[in-house]
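The values are calculated or read from the model by the stated rules, or taken from the named source; none is laboratory data. Not measured: the values here are computed from a predicted model. Because the Cβ atoms are built from the backbone with ideal geometry, glycine has one as well, and the counts that use them run over all protein chains shown.
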Protein chains: 6
Amino acid sequence: MRPSGRDLDSLRNISIEPNVTKHAEGSCLITIGDTRVICTASLEDRTPPFLRNTGLGWVTAEYGMLPRSTNTRMRRESASGKQQGRTIEIQRLIGRSLRACVDRSALGERQITIDCDVIQADGGTRCAAITGGWVALRLAVNKLLKAGDIVSDPVTDYLAAVSCGIYAGQPVLDLDYAEDSSAGVDGNFILLGSGRLVEVQMSAEGATFSRTEMDKLMDLAEKGVSELVAAQKAAII
Amino acid sequence: MRPSGRDLDSLRNISIEPNVTKHAEGSCLITIGDTRVICTASLEDRTPPFLRNTGLGWVTAEYGMLPRSTNTRMRRESASGKQQGRTIEIQRLIGRSLRACVDRSALGERQITIDCDVIQADGGTRCAAITGGWVALRLAVNKLLKAGDIVSDPVTDYLAAVSCGIYAGQPVLDLDYAEDSSAGVDGNFILLGSGRLVEVQMSAEGATFSRTEMDKLMDLAEKGVSELVAAQKAAII
Amino acid sequence: MRPSGRDLDSLRNISIEPNVTKHAEGSCLITIGDTRVICTASLEDRTPPFLRNTGLGWVTAEYGMLPRSTNTRMRRESASGKQQGRTIEIQRLIGRSLRACVDRSALGERQITIDCDVIQADGGTRCAAITGGWVALRLAVNKLLKAGDIVSDPVTDYLAAVSCGIYAGQPVLDLDYAEDSSAGVDGNFILLGSGRLVEVQMSAEGATFSRTEMDKLMDLAEKGVSELVAAQKAAII
Amino acid sequence: MRPSGRDLDSLRNISIEPNVTKHAEGSCLITIGDTRVICTASLEDRTPPFLRNTGLGWVTAEYGMLPRSTNTRMRRESASGKQQGRTIEIQRLIGRSLRACVDRSALGERQITIDCDVIQADGGTRCAAITGGWVALRLAVNKLLKAGDIVSDPVTDYLAAVSCGIYAGQPVLDLDYAEDSSAGVDGNFILLGSGRLVEVQMSAEGATFSRTEMDKLMDLAEKGVSELVAAQKAAII
Amino acid sequence: MRPSGRDLDSLRNISIEPNVTKHAEGSCLITIGDTRVICTASLEDRTPPFLRNTGLGWVTAEYGMLPRSTNTRMRRESASGKQQGRTIEIQRLIGRSLRACVDRSALGERQITIDCDVIQADGGTRCAAITGGWVALRLAVNKLLKAGDIVSDPVTDYLAAVSCGIYAGQPVLDLDYAEDSSAGVDGNFILLGSGRLVEVQMSAEGATFSRTEMDKLMDLAEKGVSELVAAQKAAII
Amino acid sequence: MRPSGRDLDSLRNISIEPNVTKHAEGSCLITIGDTRVICTASLEDRTPPFLRNTGLGWVTAEYGMLPRSTNTRMRRESASGKQQGRTIEIQRLIGRSLRACVDRSALGERQITIDCDVIQADGGTRCAAITGGWVALRLAVNKLLKAGDIVSDPVTDYLAAVSCGIYAGQPVLDLDYAEDSSAGVDGNFILLGSGRLVEVQMSAEGATFSRTEMDKLMDLAEKGVSELVAAQKAAII
């Protein structure tokens, strides 16, 4: 029934290739089906002004898409002079989510910026960015631990994200672009490795939804995130 | 236990004053506790380019705060030359939500712009904007129906929004600013009059949450929205 | 002869409601006929860089219109990314005028920002903003005096503004929108309570004018401002 | 008493050199003391959208200062990405004033853009720009008349501008920078050749003023403008 | 003598991987040493306004760097709201160069946009972008030819670019970052497959240069471009 | 053969008028044929942040064109809110070139900003700006030397620029607008008084070029620059 032939509760193929750039403190290329995102973590020994002298660190994120990562070329945001609302919403979500698994006191007065740049888009780019962004963050923090710059690990758990939605009347896991563009309900679910919830966003796009449907989407999300966390574990060994 | 002394499942006082400006096709001043938002609906006989010749209408929203609607003066967004990420996120949410209760084919090739301007802020401004925005929309559409410009009512149901969160470890309804600024989990729930869900956003701010807690927040939201819908009904008579 | 039926030298109805917001140090809602403006005064314990260590304070103003304060919806300036020339001109005028009744040395190194936001426009918004802005300023300074933060009153006089113009060949006081949009000459007059002049701006819009006409407009302005000052006195008791 | 040794009612030396650029339809270099402004008139066979098919023409103006036209280098406005409030105010004033001596129906559906660029500033640049801008306009219209593109002269009168102010307690004509920067009251007066008033702007800068003083400034302005008009006449022969 | 141990006239390792994205009409990943650039060609059936109804097509280019493509994270240009001067200069160069090998009449009224996004930077990114951009262009045009949309091949020759400079007093080919950042003279050379010159830019950065040195750099450039063209030929088979 | 009747290797008439503004530390009006550029040098006792406490000075440049310096009025860059790519490219070139003849250590921690504003354009504005910019720089540095603020002359040589190109199949010196707009190859050559090369830019515009042609253009450039340097010497006596 799904355009890809997948089962209702199947993720697309996942690949997480760590350390793909020589400059960043942590990085990976995450591939979820045909969606590919380069995630890098950049470390700075300073924090935003509102955190000066608090002993707390900061994790923030930026998101972008190459102009031809999509089927039709998009206008380059640097050329148009501003980021679209969608871009701003996504990068705020990535940063907020990643901070939920970071002990900012253990990190100390440092900032880690996670850049997530979509090389090829086929649905689910924000979830791929969060899942891959966590890997880049993990690798950059590992470098700090190894160098002895910090002693206590500030990353408190795994964290991954998946989209679920109601496609052709059925709750399905991990929407690709073909599904996403015609889904009646679309949700993003961000969970810790422990299964606790970090962020839940469900949105009617044409059709509204019932609490029962919401519960089914949550079930799918829990299954999906546990598989993504397994892929993260495999990647950072 | 709550700073305001309210019960865990109590809304603040609600007032919806309709027709507060002489220019707009529909308008109201919505007051939820100390939060006050002017909502206006402006009707135009044209739609955005992507809808030309489709027979479909459009509903969109813009959100703003007066610089001193808040405790500390905020910079005026027109002076800084751009809208903040938070503003963009909120106005996209308002527009998307309102479209969920509109039959855009019955509306025809018209655009209704809902402007929500916060006069005084004390938490929950986006939810007040949606609840009041619906009233402005309803009144503007009534004018179209009365004038015979459209024959079938494009507004398919009531729609209201409420925030719930976990404050001091307890799920509570309708966070005011004192609660919002220290809540561990914060959610916005947008429902139709029928009880069906339009948008659910839950976000960890310091603490993560369990599915059981998520369910309790949903229960509170259903209670709150039903009371807000009653206030809408009273206001538009 | 006037669309409103007023005498040539009659102001519209005036109402000044003080203390309309709980956050601002001073505020009022000023209503002149159908023109309504919220004025707030925000106090900060710092001045612009060019005044550091001079012992002098600063008073500045910002002006905005809600998008649907006008008959046809205007584009939101924060969305278009810049303030229009008219906005900039008006807020510079408001700030410059208010500084004419302030002893900046008595104020000390503080800044007071007057925000004037037009809720509903029907002509004369800049004059209403100045007249109401003075009330907000007065109330904020009263708070400083009462708290003992300053000992000598920096507000040296009342200050109010009124428009006059030549409508249908006749000099008239306090133009409303119907008059303003077809007046041949339009002027704004800002005076102290003492009657001394702070700012005079007269502008031909289609017809030029003689010195005799200029004198008649000045006479009307003196009458109008004295009535506005009386309303200010009543409001701040 | 004046820093320059001039009489209270003396203008600085005036020079108006016409046709200074080979590209513009009309142009001049106006020199008032040490203030030098290049004024050009550019003719286009189209009007702004709001005038299409009305048979009316448009005259508009833009104003700029070379970064080092002033004593201390100013930031280039194209580099900072926006025009200052002062610039916007001045160019709106120039355009509005020039339109007061143009019969836009006789001009037909054409736009004339007056560019006023300050090469060297020593006070009174906006008045020099208006006085020189009129010359550029006159020359461009002469070209249209000569070519037979229009038959009736749309320029209905001479138009010139001068500043007056109260310096060291005395009303003086044509403030230079040394006077302007310490004047208590500053005004700009724009008059037709006939002596009728087009725009009057008087502004307290530190000191307020009486109606008697206002009258004296008006007297000076009438004298100054008549001399400037004589210089215009000499220049366009 | 060179930090990399290369001979004075040796290029770094070259790899050109064609067809790396599923959406673009043409694409490649070009790797020159540690410099990696994704180049895509996007085809549109419309041209810029200045070419409408001329029968001529257009080729243009945009250039960007991922924020952490460099050793130290750069600010994202979309976040800062404008492209840097360097970016603008580079993308104008890429577009201008590629147009030199295109018969725009044979292309017809189509636009091809070449996006060059630097994934990892180690010197020579603009040259890699041109060399890889040509491959993307070639592949997109091949698709047009194969589909029969055009009959005559608009790509008239191979085109590639290489940098040469004077490093430690010696003319060297293909500067990497270590060399580039301390070279006294730096040049970019863009040549056709035929050896004819398209663009030559030589720039003193600390040291000036003689005509003899200029000739030696040209010799190196000719050698380097011929090897790059061989790599292009191998890639597009 | 040339539209102006000049010989292939003839410059246009050159005039360099020094000290044309009273405010700038150094200035000139350079006229090359019908191209006229005002160049000013502004001195500041501070450098950009990246040079603080290095003991080194900085020379930078900005370039602008009056809107009607060209045949058709251009949009004012301050009004459009950004500088065009061409403007940015040119001002970077001017600054970079001038730094090639400055010993920044001898200059000390000072910044000199060269503003080049085109009053009338007829081809070759960037070369005129560099040649005139050097004169403004020289005069400003002379003032520093005379005042004893620096003891060793930081200007190490003369520096001038000229354009050459292939027009109607022939290499020609100093293209005017009529030639520039139809030249197949266009180059800018910046040389020291000693004849050493600072910057060479040759660009195909329609036709590519051979090494032999490149050599001929270089020969012409050497002749042209030597004549321009002679004019500089005459101007600064």
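Some points to look at:
- Test: residue in segment D:175-187 that is within 11 Å of chain C (Cβ to nearest Cβ), modelled with pLDDT of 95 or more and not in a helix (DSSP H, G or I): yes
- The single condition from (1) free of Cβ contacts under 8 Å to residues at least 12 places away in the same chain; (2) more than 10 Å from chain B (Cβ to nearest Cβ); (3) not polar (S, T, N, Q) that C:ARG75 fails is (2).
- Test: D:GLN232 is assigned to a strand (DSSP E or B) and polar (S, T, N, Q): no
- Given (1) touching a strand residue (DSSP E or B) at 6+ places or on another chain (Cβ under 8 Å); (2) within 22 Å of D:LYS22 (Cα to Cα), number of the condition F:TRP58 does not satisfy: (2)
- Any hit, segment E:197-219, residues being of a type in the set (Gly, Ala, Ser) and within 18 Å of E:ARG12 (Cβ to Cβ): no
- For segment B:118-138, a residue qualifies if it is touching a helix residue (DSSP H, G or I) at 6+ places or on another chain (Cβ under 9 Å) and of a type in the set (A, V, I, L, M), and the qualifying residues are B:VAL118, B:ALA121, B:ALA129, B:ILE130, B:VAL135, B:LEU137.
- Given (1) under 27 Å from D:GLN83 (Cα atoms); (2) more than 7 Å from chain B (Cβ to nearest Cβ), number of the condition C:THR35 does not satisfy: (1)
- 3 or more residues surrounded by fewer than 19 Cβ atoms within 10 Å (Cβ to Cβ): qualifying helices (runs of 4 or more DSSP H) within segment C:51-129: C:85-99, C:104-107
- Condition check for A:TYR63 on (1) within 23 Å of E:GLY81 (Cβ to Cβ); (2) touching a helix residue (DSSP H, G or I) at 6+ places or on another chain (Cβ under 9 Å); (3) of a type outside the set (Val, Ile, Thr); (4) more than 10 Å from chain E (Cβ to nearest Cβ): one failure, at (4).
- Look at (1) part of a strand (DSSP E or B); (2) touching a helix residue (DSSP H, G or I) at 6+ places or on another chain (Cβ under 7 Å); (3) hydrophobic (A, V, I, L, M, F, W, C) and you find that E:ILE38 fails only one, number (2).
- Matching residues in segment E:187-197 - criterion: being buried (at least 23 other Cβ atoms within 10 Å of the Cβ) and of a type in the set (A, V, I, L, M, F, W, C): E:PHE189, E:ILE190, E:LEU191, E:LEU197
- From the options A:SER69, A:SER105, A:SER4, A:SER80, residue that is out of contact with any Pro (no Cβ under 9 Å at 6 or more places or on another chain) and more than 9 Å from chain E (Cβ to nearest Cβ): A:SER4
- Matching residues, segment A:149-188, being aromatic (Phe, Trp, Tyr) and more than 23 Å from B:MET202 (Cβ to Cβ): A:TYR177
- Hits in segment E:198-213 - residues which are within 18 Å of F:GLY193 (Cβ to Cβ), hydrophobic (A, V, I, L, M, F, W, C) and surrounded by 15 or more Cβ atoms within 10 Å (Cβ to Cβ): E:ALA204, E:PHE209
- Of the listed requirements (1) within 14 Å of chain A (Cβ to nearest Cβ); (2) among the hydroxyl-bearing types (Ser, Thr, Tyr); (3) not in a strand (DSSP E or B), E:SER27 misses just one: (3).
- Every residue from segment D:83-97 that is in contact with a strand residue (DSSP E or B) (Cβ under 7 Å, 6 or more places away or on another chain), more than 8 Å from chain F (Cβ to nearest Cβ) and among the β-branched types (Val, Ile, Thr): D:ILE90, D:ILE94
- Verdict on A:THR47 being touching an Asp or Glu at 6+ places or on another chain (Cβ under 6 Å), more than 9 Å from every other protein chain (Cβ to nearest Cβ) and not in a strand (DSSP E or B): yes
- Any hit, segment C:148-156, residues being assigned to a loop (DSSP other than H, G, I, E, B), surrounded by fewer than 20 Cβ atoms within 10 Å (Cβ to Cβ), of a type in the set (A, V, I, L, M) and at positive phi: no
- The condition (being without any contact (Cβ under 8 Å) to a residue 60 or more places away in the chain and part of a helix (DSSP H, G or I)) is satisfied by just one residue among E:GLU213, E:GLU227: E:GLU213.
- When we screen A:VAL162, A:VAL141 for residues that are more than 13 Å from every other protein chain (Cβ to nearest Cβ), crowded, with 23+ Cβ neighbours inside 10 Å, in contact (Cβ under 8 Å) with a residue 60 or more places away in the chain and closer than 30 Å to B:ARG99 by Cβ, the only hit is A:VAL162.
- For segment B:197-210, a residue qualifies if it is facing chain A (nearest Cβ under 8 Å) and either in contact (Cβ under 8 Å) with a residue 24 or more places away in the chain or in a strand (DSSP E or B) (or both), and the qualifying residues are B:LEU197, B:VAL198, B:GLU199, B:VAL200, B:GLN201, B:MET202, B:SER203, B:ALA204, B:PHE209.
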